[in-house]
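Heads up: the structure comes next, in structure tokens.
The values are calculated or read from the model by the stated rules, or taken from the named source; none is laboratory data. What you see is a predicted model, and the numbers here were worked out from it, not measured in a lab. Glycine also receives a Cβ, built like all others from the backbone with ideal geometry; neighbour counts cover every protein chain displayed. Only protein heavy atoms, including side chains, enter the accessible area calculation; ligands, DNA and RNA are left aside. Shrake-Rupley method; radii C 1.70, N 1.55, O 1.52, S 1.80 Å.
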Amino acid sequence: MAQPARPPAGYPSQNGAGQQPYSNGPVQNQLMHPSDGQGYSPSVPGSYSHQTPAKVPPHQSSRQYNYSGSQNVSQLNNYQGPGQTLNRPPAAPFSGSPVQQTGPVPQVLLPALQNSAAISSAGSFPPGASPPVLSNWQYSQTPVSQPVGSQTSHLAHVTGTGSAQPPSSLSGNTNPPGNYQYAASPGGPPLQNSYMKPGSAPPPVTQPLTPLHPPPRPPLGPPPVGGPPLIRPSTLTAGPPNAQSLLNSAANREGDATSAASDGSVVQNSYDAIEGGGLMATPHPSPAPPNLKMNRSVGYSYPTLPPGYQNTSPPGAPGMQASALQYPDGSKHFHQPALGTNHLTASMGGLSLQQEGLRPVNLLQERNILPTTLLKAPVPNLHEDIQKLNCNPELFRCTLTNIPQTQALLNKAKLPLGLLLHPFKDLSQLPVVTSSTIVRCRSCRTYINPFVSFLDQRRWKCNLCYRVNDVPEEFMYNPVTRVYGEPHKRPEVQNATIEFMAPSEYMLRPPQPPVYLFVFDVSHNAIETGYLNTVCQTLLDNLDLLPGNTRTKIGFITFDSTIHFYSLQEGLSQPQMLIVSDIEDVFIPMPENLLVNLNENKELIQDLLRTLPQMFTKSLETQSALGPALQAAFKLMSPTGGRISVFQTQLPSVGMGALKSREEPNQRAAAKDIHLTPSTDFYKKLALDCSGQQVAVDLFLLSGQYADLASLGCISRYSAGSVYYYQSYHHKHNPVQVEKLQKELKRYLTRKIGFEAVMRIRCTKGLSIHTFHGNFFVRSTDLLSLPNVNPDAGYAVQMSVEESLTDMQVVSFQSALLYTSSKGERRIRVHTMCLPVVTTLSDVYLGADVQAITGLLANMAVDRSVSATLSDARDALVNAVIDSLSAYRSSVLSIQQPGLMAPHSLRLFPLYVLALLKQKAFQTGTNARLDERIFTMCQVKNQPLVYLMLMTHPSLYRVDNLTDEGALNINDRTIPQPPVLQLSVEKLSRDGAYLMDAGSVMFLWIGKNCGQSFISQVLGVPNYGSIPQNMTHLPELETAESIRTIAFISWLREQRPFFPILYIIKDDSPLKSSFLQNMIEDRTESALSYYEFLLHIQQQVNK
């Protein structure tokens, strides 16, 4: 399958491929795979023909999965989704002339992606294909390329590569043999160049991933799908060693997504090409640059360091020895001594930090270990001048802030190595750079960042692959200081988080318009809940605040047992309903008038939103055809891409995707019978189709009955959407849910959104990424496809140390998110983090980030629950604590002491794991409904760490004695800061009032003997007995106590994207059991108390 030469939805090619010459060199590894086959007719830039293609998966997804069985590996079965273990195929050398694809092709692929022959010489393109984008880069030799995009799944291993790894062992890139496809014409499929010289390929070495736990105990996380990942060949013949993340390395293993045109220019053909791929994508068989063989610790030197440390021990490139190279051109060599962790610590004024971090804590004796303020991320042990440039841990953090030098050392520590990201977080300050030159490493496509080394003014060394690159002429001028000759002072080298306005070469098609489609369940059950009134009114109120511009489009579909479309054609006096009753073969009536320009048709849209809630009030239709409605929505959206928001209130009962109830209320606790896996792959397949067409689906489930969220949630999980769950929503019986839906829907409608996005994470050579967690689809092994990206989504990745990090004193990680803004701008948001490398086990423990470790383990445990059983996941969590504390006791503690010893950095580890075991996702007992459990698992996989930790281990505050001491002053408001209390009933006093913040819900517990002043001046009632049973709001009173309490609660609420309901409870309140369930340190009917849990851990550690 050839790919269209331009990516669909405006994916700028992140590595700078495209029509303009790129001053930083050719497209190396492509970060992004085109999600081709958008059904665009791109002959006129910016015009989107709104034709409705037949329902077939986009070619991109075609590589990823196959309905017809023609591939050796069925991605649907082997791909575990986000959280899947990816194994990279060996790079196959290209020898000989291009060959046409001869292997079988999946039968359900978009015609658009057939092969290059489909692109006629006259320049006309079939629907879904895109015209080739020519690049002006000239290579001295023809790059060898492999197909990207649709070829990912059809990449054959050329005979003679010496690969012993069968295609079936690959889960990220599945390449059936015989499908290598080469084309030399500009419109042909890109030939991803393998990064070795033609004809030579080192034999791939396979090395199994070391499990987090030793064999006797079950390993954490799902087992790797397929075979072990390949280790990078130790000797590469093309280009300098590059340390891209596995994400990249996988893509480069496939090669470069550029194909050689007959004139020697490079044709940009894929998302991957656009963003730039991973390891060694450069087709440069020419001799390696002079630095290739030099020690990895190479000269990091900014020419202009503050005078204070210019001649002493400056923070060189994070920890690299100054290179002793002589520059024949006489350019000044900026010498900087090696910057190692020892030097760094010393420069910070002694070892006090280390001593505190390593101080053994006897957990059985020190009961009050919870800090009274919210726990902050540990600060990496780097020189202060490097650290102040580091990425904000809210955006990017690692489970270990000291990276072990070898996998053996990591295995010995028994701690997981991984990254937690919040890449699209709302930021108050974000440097945005508009430049025709985005400077990137020619080899690994890393974006220039604060942790590169400038050898002199004209050359910089990549901090991921150590290649020496030229500084482009344009980069010599600093637009901020207006000075020429100071490339090291440019914003790109001064900010670890930066956003680039991407030039046209980063686009595979014109940026898509914002398109929003709302799909409403209008069955009898749905109308009964009254949700439609709330949703339509909230939409009316926020119609003008939807992110977008003059091109914004909007449409509506409703469904019960039939599907109803709404024509909003200009000239109509009122919206026209079109009913399609054939749900077995859904078609789109009048496709051109169903998605309309918001600004031009606003009155008709407002009329429809006002009348919709009343249109179905008399309906007795109880059936729900959700599957066919989603198929219709997909067909309507696929020409452009965009966002589908679907509101569902019951189990789908007719048509494709119909489901049957699998919950038996009396067996909720029986771990063996819990149905955590989907009952059908219909929703996953449809989500993959959506992903290929740049469509994301967000699911709002408002159901009092079981609705099989395990199956329905797949539609959002694999299309990079979100799931919202309002249990037992009813406008009269459960009014507090109405306010929650209003507030969260307003945030959902008005928050920033990125369309047609792709993300890649790179890391220094020697490290590799093997598993991803979050809502997305993994395209081309290491490229995360995000049809929509929102500021409230988090992601996690697991990593391993693939090659020893000898001679490196620091390593770096970089995430690049390429997206189209709602204004139609193509942007790239880049975050870079630098961490020190250590050689001793004590240093690994010293740098442990206990919250990040807990967050990563929670993601792994969700996968384990689904792939194995809930009890396996619980065992694995407990084993994680036992193993790490056993290793610490046996290998680090010099004097064996009685009790349960933990390093100071891990003192909260057992508490957090116990909290996970008591969380709805993993708890046993009959009080967790199945959909509620699944929803909590969805949140674990998709929430940024800060919200996940709050959900796992709530914060408890005493609020009847708030003072201004230590208060924050924000926008003329005084926000009290009471201390955080331990989650135990023994911390409660009947004389007080306590606020528990559990993330998505808050409880204000009023003690029986609470002071009269608090009850009257904050609750506004005369006495304790007058407090209503179902009180959920505090009255706004003109008293100091009321103002302080409301300010504190409002401040807590403002810091999160969801709206926590506040329940005010007394001793006899029915909700008291929910409040006590969150007392993590106390015993419950089905779980140990914290002290009992510690005794259990101690018993296992001492075995």
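Of the listed pairs Lys553/Lys685; Lys412/Lys1103; Lys684/Lys941, which have alpha-carbon separations greater than 23 Å here? As for pairs spanning more than 23 Å Cα to Cα, those are Lys553/Lys685.
Beta carbons within 10 angstrom, averaged per residue: use that to sort the peptides 869-876, 451-458, 989-996, 369-376, highest first. Don't skip to the answer; put the middle values down first.
On the way: 869-876: 20.2, 451-458: 22.8, 989-996: 18.2, 369-376: 12.8.
Top of the packing list down: 451-458, 869-876, 989-996, 369-376.
Just to confirm, what accessible area per residue do you get for the stretch 972-1068 at 1.4 Å probe, in whole Å²? Write out the running numbers ahead of the final one.
Values: 4060 Å² over 97 residues.
With all protein chains present, the stretch 972-1068 gives 42 Å² per residue.
Remark: the Cα gyration tensor places the stretch 653-762 in the oblate category, a/c being 1.5 or greater and a/b not exceeding b/c.
Within the shell defined by Cβ-Cβ distances under 12 Å, the residues around Arg762 carry a net charge of +2, with Lys and Arg each +1 and Asp and Glu each -1. Here the stretch 959-994 and the stretch 996-1051 have alpha carbon centers that stand 12 Å from each other.
Heavy-atom surface analysis with a 1.4 Å probe gives the stretch 948-1103 a carbon and sulfur content of 49 percent of its accessible area. Ranking Ile674, Leu745, Ala793 by how far each Cα lies toward the positive end of the dipole of the stretch 662-794 (charges on Cβ) leaves Ala793 at the top. In summary, the lysines within cross-link reach of Lys1066, defined as a Cα separation below 22 angstrom excluding same-chain residues under 8 places away, comprise Lys987, Lys1008.
Residues in the stretch 751-880 average 14 Å² of solvent-accessible surface per residue, probe 1.4 Å, ligands and nucleic acids excluded. If a spin label sat at a point 7 angstrom from the Cα of Asp470 along the line to its beta carbon, the backbone N atoms of the stretch 426-450 nearer than 13 Å would be those of 442. Annotation: aspartates and glutamates with alpha-carbon distance below 13 angstrom to Lys461 (same-chain offsets under eight excluded): Asp470. Residues whose amide H falls under 5 Å from that of Phe518, counting only those 5 or more places apart or on a different chain, are Gly555, Phe556, Ile557, Ser645, with hydrogens built in the peptide plane. Here the spin labels are modelled as points 7 Å beyond Cα on the Cα-Cβ line, and at Thr1039 and Ser504 they lie 6.7 nm apart.
Could you work out the local net charge near Val432, counting Lys and Arg as +1, Asp and Glu as -1, over the other residues with Cβ closer than 14 Å to its Cβ?
Numbers: positive: Arg490, Lys752, Lys823, Arg826, Arg827, Arg829; negative: Glu492, Glu499, Glu825.
Neighbourhood net charge equals +3.
For Gln494 and Gln897, the difference between the fully extended length at 0.36 nm per residue and the C-alpha to C-alpha distance is 140.4 nm. With R₀ set to 51 Å, the beta-carbon distance separating Ser581 from Asn1030 gives a calculated FRET efficiency near 0.75.
Taking 8 Å as the Cα distance limit and 6 or more residues as the minimum spacing, I'd like the relative contact order of the stretch 958-1103 as a percentage. Spell out each step's value before the answer.
Numbers: 208 pairs, mean separation 34.4, N = 146.
It comes to 24 percent, rounded to a whole number.
Summing Lys and Arg as +1 and Asp and Glu as -1 over all other residues whose Cβ lies under 14 Å from the Cβ of Thr538 gives a net charge of +2.
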